[in-house]
2 protein chains.
Amino acid sequence: MSEKDKLVSRKEDFNEWYNTLVLKADLADYGPARGTMIIKPYGWSLWQNIQSALDTRFQATGVENAAFPMFIPMSFLQKEAQHVEGFAPELAVVTHGGGEKLAEPLVVRPTSETVIGQAYADWIQSYRDLPILINQWGSVVRWEKRTKLFLRTLEFHWQEGHTAHATAEEAQERTRLMLDVYADFAINEAAIPVIRGTKSESERFAGANDTQTIEAIMGDGKALQSATSHNLGQNFARAFNIQYLDHNNQLQYCWTTSWGLSARFVGAIIMVHGDDQGLVMPPRLAPIQTVIIPIYRKETDKSAVLAAANRIKSELSEARIRVKIDDRENLSPGYKFNDWELRGVPARIEIGPRDLAKNSVALARRDIPGREGKQFVSQEGLTEIVSNLLQEIQQNLLDRATRFRDDNTHDVHNYDDFKEAVKTGFARVWWAGDNEEEQRVKEDTKATIRCFPFDQPGGSGTCFYTGRQADKIAIFGRAY
Amino acid sequence: MSEKDKLVSRKEDFNEWYNTLVLKADLADYGPARGTMIIKPYGWSLWQNIQSALDTRFQATGVENAAFPMFIPMSFLQKEAQHVEGFAPELAVVTHGGGEKLAEPLVVRPTSETVIGQAYADWIQSYRDLPILINQWGSVVRWEKRTKLFLRTLEFHWQEGHTAHATAEEAQERTRLMLDVYADFAINEAAIPVIRGTKSESERFAGANDTQTIEAIMGDGKALQSATSHNLGQNFARAFNIQYLDHNNQLQYCWTTSWGLSARFVGAIIMVHGDDQGLVMPPRLAPIQTVIIPIYRKETDKSAVLAAANRIKSELSEARIRVKIDDRENLSPGYKFNDWELRGVPARIEIGPRDLAKNSVALARRDIPGREGKQFVSQEGLTEIVSNLLQEIQQNLLDRATRFRDDNTHDVHNYDDFKEAVKTGFARVWWAGDNEEEQRVKEDTKATIRCFPFDQPGGSGTCFYTGRQADKIAIFGRAY
């Protein structure tokens, strides 16, 4: 990269750093219609790895995939009162089709509780049909005013799971189970140490009785809600008549849940792990885990170097390491190093004529830039070395992010300290406020309750804001 | 199944057989908005297997996946004259978003040549950026008047590949390469013996110079266009300014292609292989390849039978056979046999107390119903037996479908024989007609030119319709 292509530093302008990086690293581009985005092959490959890691976990809990239509009759949205109130301002509406004005406008789904609720009402007859556990991968549309690549776009890619159960207990268990699936994925695949907890009433999903969330802290100290799981109680069951005959042949309403994780999670990966050189991909999700840079000046060295590079590539591929050789002509090794650093490839192998002579390679790790992260290792047993290094990087990223989160989570007991804390991170506080008081704190400080963590200290304390006795801890932060 | 649930026979009413089967076999259901469909888990699992088989093949040719927005500004569609003419009558139009009327209406993509063309124009600078080979999995919308599950729905799932090249030759090679990929997939994964060829001018994609197709014959003798590959020449490159600097630093227009296969292919699988008992899944794509039915009357036999069933399941799973135990209570074995036959599971293992005593199982193959397709085999080496059987079924389905196609493809030399032939199958004829004559044949007989097969006899003959000398053979048929 030339000087003018350099990224601004994260300290200087985190927002600008992010926007530039997404474009430069070829993750995504802007679409032609306002607020839409194109996910480019490198970004899509990351999203596919996320999909695959989640899908395996979903299936292990008995969930199957299906596909529901993107068009929903406007009247469906209106069946659940809170739901329509929440989503009406964000709808995209199809009024014309096939050259004619439609009798009833169609909404492009903002989420699919309604259309799936209607289907479940048709499909479910008796307790034998329960539980029903379906997930769908796709995209939905919400008319956002201020958009940002991956984090907030008119159309966004996600998965939405929808389940129906015979009892309230089962629905609550499923809500928590899927949240735990998300947390396991975030921690063990994305190396993002999320906080699990419950949303406050005012931050709940429109139509839910309980919204659970995983919250992550980004590199600038702001929070990103990374996935949510909702216990919808019988709200949608009553709105759509999702009923079943129980063992006593009595008609009962089902209990339903829904849960989703979107491609904004890509934004979390960028903002948690990225540094001033660019992306840092967690190895388990990285589209390319190792890049090999063949280095030669003389044409006479070329074939031997490329042969060795190809042999190493084969060996790594055999061990299921996702590997690529960068054999682009007319680009210097230095350019290539920077380029793959920008793209966050976890490990880099450099191989030139001198390495050939010594039967070694240079091996650089992305999480520790510069000389410190570079070692010379033998070509013997290289696959195992690389494989171990990738695991080490994965662990290091998680450790680093966990330290960052902990260093930037402050237990505070008064409003002044609170205001200071949420400027750069999370505030962990006793909270006894009501919705209105929560709203006032938000207006004052831009900080919202990210969640009441499942992990509570027990006992009680004094609410930092109201001074009232509180029986639970909340995490506050400014959020994306 | 009870008597009333029985399928109508294919002979009696093929159309009714198809529609009922799709619903009964839990492949799909109708969506609430007219013409939309829900793909249920069993149908979606089949589509996922299709996706995976195709995706592997695409990647082997250097194609990468990405995602482009579903909303396209109306003005984009208008940039390529033939394209807008072809698609304007079928558009779904979003006129309102976020509670406001939009300044420019957005179209829900009917296909993505325009939005991708615009992106390529931005991304491509020089010959070094070429070729660009991108595919997208997703859904598109075309406002169809008469709809039919899987075959023709307002929204349909598909993949669309879009490539840009430096030369006309490369674009033509890519067009053919992807058609060959589709043919290879159809024949070797779906056991559908397709005919590869070129579309007539009047059947070309709107905006293409050359449309290539794979055509399959359904169980009722009608044709199904199963995938297409288009050489778009420089039409979209000129409309969207997709240009590159060549080796001489001269600005040149690119040559582009697009190619797609949709979930209507599921319809082809149903209509090619299905019989009066229901679906017959080609083993390589079957969501469930083998079902195990544990049989016991006495509770005392239950645990031993289930233990054996589970052991067999583990062994088959280990060999990567997709296997399921049907241990539903309160359903008779006979009911289960019919149920899995309806769903087209290729192989069925029955195991009861007597089988346990003899260390054997009953093994039934779906492609040969009844006693003839059932054998008693030892539990020793069962995995290999099942694995071989699945391969045999795959081959048998292909052979059978090939015979059916050949038996129902008639070389005809006059219009009377032609009319007879297209009532029940394909007519293979010398053709020298023009667009108008082609249109007249269609109005007369409902048959259209499915393709000019790549596989031509050479030489020339007399056109069955115009009496003029013709230098190529065409396949006519009535199409879905």
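The values are calculated or read from the model by the stated rules, or taken from the named source; none is laboratory data. These numbers were taken from a predicted model, which means no experiment stands behind them. Positions of Cβ are generated from backbone atoms using ideal geometry, with glycine treated the same way; all protein chains shown enter the neighbour counts.
On the stretch given as segment B:346-369, residues that are within 20 Å of B:Lys24 (Cβ to Cβ) and either among the polar types (S, T, N, Q) or modelled with pLDDT under 95 (or both) total 1.
Looking at the structure I just gave you, is A:Asn310 of a type outside the set (Gly, Ala, Ser) and at positive phi?
It is false that A:Asn310 is of a type outside the set (Gly, Ala, Ser) and at positive phi.
Could you check segment B:195-210 and list, in sequence order, the residues that are more than 27 Å from B:Lys11 (Cβ to Cβ) and under 17 Å from the mean Cα position of the chain (by Cα)? B:Arg196, B:Gly197 - these are the residues of segment B:195-210 that are more than 27 Å from B:Lys11 (Cβ to Cβ) and under 17 Å from the mean Cα position of the chain (by Cα).
Criterion first (within 10 Å of chain B (Cβ to nearest Cβ), touching a strand residue (DSSP E or B) at 6+ places or on another chain (Cβ under 9 Å) and free of Cβ contacts under 8 Å to residues at least 12 places away in the same chain) does A:Trp143 satisfy it?
Details: within 10 Å of chain B (Cβ to nearest Cβ): yes; touching a strand residue (DSSP E or B) at 6+ places or on another chain (Cβ under 9 Å): yes; free of Cβ contacts under 8 Å to residues at least 12 places away in the same chain: no.
For A:Trp143, the condition - within 10 Å of chain B (Cβ to nearest Cβ), touching a strand residue (DSSP E or B) at 6+ places or on another chain (Cβ under 9 Å) and free of Cβ contacts under 8 Å to residues at least 12 places away in the same chain - is not met.
Note on segment A:243-264: residues that are in contact with a helix residue (DSSP H, G or I) (Cβ under 8 Å, 6 or more places away or on another chain) and in a loop (DSSP other than H, G, I, E, B) total 4.
Inspection of segment A:75-84 finds a residue satisfying the criterion of being out of contact with any helix residue (DSSP H, G or I) (no Cβ under 9 Å at 6 or more places or on another chain) and more than 23 Å from B:Arg328 (Cβ to Cβ). With respect to (1) part of a helix (DSSP H, G or I); (2) closer than 13 Å to B:Asp355 by Cα, the lone exception for B:Glu315 is condition (2).
Quick check on segment B:16-40: of everything there that is assigned to a helix (DSSP H, G or I) and surrounded by fewer than 18 Cβ atoms within 10 Å (Cβ to Cβ), which residue is nearest to the other protein chains (Cβ to nearest Cβ)? If you could, list the steps in order and put the result at the bottom.
Applying the first criterion (assigned to a helix (DSSP H, G or I)) to segment B:16-40 yields B:16-24.
Filter once more, so that each one left must be surrounded by fewer than 18 Cβ atoms within 10 Å (Cβ to Cβ): B:16, B:19-20, B:23-24.
Details: B:Glu16: 21, B:Asn19: 17, B:Thr20: 16, B:Leu23: 11, B:Lys24: 13 Å.
Only one residue tops the list, namely B:Leu23.
Anything in segment A:318-344 that is over 15 Å from A:Leu306 (Cα atoms) and either without any contact (Cβ under 8 Å) to a residue 24 or more places away in the chain or in contact with a Ser or Thr (Cβ under 7 Å, 6 or more places away or on another chain) (or both)? List them, or say none.
Passing the criteria: A:Ala319, A:Arg320, A:Ile321, A:Asn330, A:Leu331, A:Ser332, A:Gly334.
Screening A:Pro105 on (1) closer than 25 Å to A:Glu144 by Cβ; (2) not in a strand (DSSP E or B); (3) not aliphatic (A, V, I, L, M) shows it passes everything except condition (2).
Considering segment A:325-345, and only residues there that are loosely packed, with under 13 Cβ neighbours inside 10 Å and charged (D, E, K, R), the residue that is modelled with the lowest pLDDT turns out to be A:Glu329.
Condition check ((1) within 27 Å of the chain's Cα centre (by Cα); (2) among the aliphatic types (A, V, I, L, M); (3) in a loop (DSSP other than H, G, I, E, B)) across all residues:
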{"site": "B:Ile269", "(1), (2), (3)": "yes, yes, no"}
{"site": "B:Pro282", "(1), (2), (3)": "yes, no, yes"}
{"site": "B:Leu285", "(1), (2), (3)": "yes, yes, yes"}
{"site": "B:Arg297", "(1), (2), (3)": "no, no, yes"}
{"site": "B:Asp301", "(1), (2), (3)": "no, no, no"}
{"site": "B:Leu306", "(1), (2), (3)": "no, yes, no"}
{"site": "B:Asn330", "(1), (2), (3)": "no, no, yes"}
{"site": "B:Gly334", "(1), (2), (3)": "no, no, no"}
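Residues of segment A:88-101 that are farther than 16 Å from B:Lys101 by Cβ and crowded, with 17+ Cβ neighbours inside 10 Å: A:Gly97, A:Gly98. With respect to A:Phe156, is the statement that it is of a type in the set (A, V, I, L, M, F, W, C), part of a strand (DSSP E or B) and within 14 Å of chain B (Cβ to nearest Cβ) true? Judged against the criteria, A:Phe156 is a match.
Of the candidates A:Trp137, A:Trp123, the single residue that is within 12 Å of chain B (Cβ to nearest Cβ) and either within 21 Å of A:Ile269 (Cβ to Cβ) or surrounded by 23 or more Cβ atoms within 10 Å (Cβ to Cβ) (or both) is A:Trp137.
Among the residues of segment A:429-452, those identified as touching a Lys or Arg at 6+ places or on another chain (Cβ under 7 Å) and of a type outside the set (Lys, Arg) are A:Trp431, A:Ala432, A:Thr445, A:Ala447, A:Thr448, A:Cys451, A:Phe452.
Only one entry of A:Glu85, A:Glu80, A:Glu104, A:Glu113 meets the criterion of being surrounded by fewer than 18 Cβ atoms within 10 Å (Cβ to Cβ) and more than 11 Å from chain B (Cβ to nearest Cβ), and that entry is A:Glu85.
Across segment A:447-471, the number of residues qualifying as over 16 Å from A:Arg204 (Cβ atoms) and touching a Phe, Trp or Tyr at 6+ places or on another chain (Cβ under 7 Å) comes to 7. Here B:Gly43 passes the criteria (1) assigned to a helix (DSSP H, G or I); (2) at the interface with chain A (Cβ under 7 Å from one of its Cβ atoms) except the one numbered (2).
Within segment B:279-306, the set of residues being over 20 Å from B:Lys374 (Cα atoms) and among the small types (Gly, Ala, Ser) comprises B:Ser303, B:Ala304.
Please indicate, with yes or no, whether at least one residue in segment B:364-372 is small (Gly, Ala, Ser), touching a helix residue (DSSP H, G or I) at 6+ places or on another chain (Cβ under 7 Å), surrounded by 18 or more Cβ atoms within 10 Å (Cβ to Cβ) and closer than 30 Å to B:Leu23 by Cα. Yes, segment B:364-372 contains at least one residue that is small (Gly, Ala, Ser), touching a helix residue (DSSP H, G or I) at 6+ places or on another chain (Cβ under 7 Å), surrounded by 18 or more Cβ atoms within 10 Å (Cβ to Cβ) and closer than 30 Å to B:Leu23 by Cα.
You will find that of B:Phe68, B:Phe58, the residue that is at the interface with chain A (Cβ under 7 Å from one of its Cβ atoms), at pLDDT 95 or above, within 26 Å of B:Val181 (Cβ to Cβ) and in contact with a strand residue (DSSP E or B) (Cβ under 8 Å, 6 or more places away or on another chain) is B:Phe68 and no other.
Just one of the numbered conditions (1) hydroxyl-bearing (Ser, Thr, Tyr); (2) touching a Phe, Trp or Tyr at 6+ places or on another chain (Cβ under 9 Å); (3) facing chain A (nearest Cβ under 8 Å) is not true of B:Thr95: (2).
Give the residue that is nearest to B:Arg238 (Cα to Cα), with candidates limited to residues of segment B:56-102 that are assigned to a strand (DSSP E or B) and of a type in the set (S, T, N, Q). Among those residues, the one meeting the criterion is B:Asn65.
Look at (1) surrounded by 23 or more Cβ atoms within 10 Å (Cβ to Cβ); (2) part of a strand (DSSP E or B) and you find that A:Phe185 fails only one, number (2).
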